[in-house]
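The values are calculated or read from the model by the stated rules, or taken from the named source; none is laboratory data. Just so it is clear, the structure is predicted and the values come from calculations on it, not from any experiment. When we count neighbours, we look across all protein chains shown, and the Cβ atoms used for this are built from the backbone with ideal geometry, even at glycine.
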Amino acid sequence: MDAGAVSGAVAWPMDFRARVRRIDRRAGKAGAGRVCMVTLSGLSAAYAACVCVLVLADLAVVAGTLAPFGRHTLGGAVFDRLNLPAAVLLYLIYTSGLVFFSVWPALALRRAWLAPVSGFGYGAAASVGFALTSLRLREPIRLADLARHGVLAAVAALCGMMAADGMMM
């Protein structure tokens, strides 16, 4: 009887590291990208880097361009009633999706170009989703908004990948 059956755990045909090594050897022979194992510390570093980039960029945009325009146009109503728990939850969920859909695959395949490309797609799709589900239904979706959110997500994903790659070496 094997150790997995004794402890009550599921017995796998081979452990995960052996599978990764086998895929790595096969991918190396075929000339494809090398598959590597992504560590939890690497993903944590990627998450922290993505959050920092997104928060700093949003603070720069709000403080530099939108705050004076928004206070003059809206009378400060939006800026006076900031819902901090909702903003924190938005950053947690958005960054989790960015790391899961953009950074993790790029790290696993060891392709640096994949993080910003998929990050751009994720940011643009999230921007469209926000525009379609908010009160902006009366306004058309602007390509400038899609590009801005896409570029911001691409930069955040690239910074997250670089931070994670530094932790995994």
Margin query: Kindly evaluate Ala154 against the criterion of being part of a loop (DSSP other than H, G, I, E, B) and at pLDDT 80 or above.
Written below: no
Margin query: For the stretch 124-138, check the following and say yes or no: at least one residue is within 19 Å of Ala45 (Cα to Cα) and assigned to a helix (DSSP H, G or I).
Written below: no
Next item on the list: Kindly indicate the residue of the stretch 86-142 that is touching a His at 6+ places or on another chain (Cβ under 8 Å) and modelled with pLDDT of 90 or more and also nearest to Met162 (Cα to Cα) among those meeting that condition.
Entry: Gly123
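Per-residue answers, yes or no, for (1) surrounded by fewer than 16 Cβ atoms within 10 Å (Cβ to Cβ); (2) in contact (Cβ under 8 Å) with a residue 40 or more places away in the chain:
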| residue | (1), (2) |
| --- | --- |
| Tyr94 | no, yes |
| Ala115 | no, yes |
| Ala126 | no, no |
| Phe130 | yes, no |
| Arg148 | no, no |
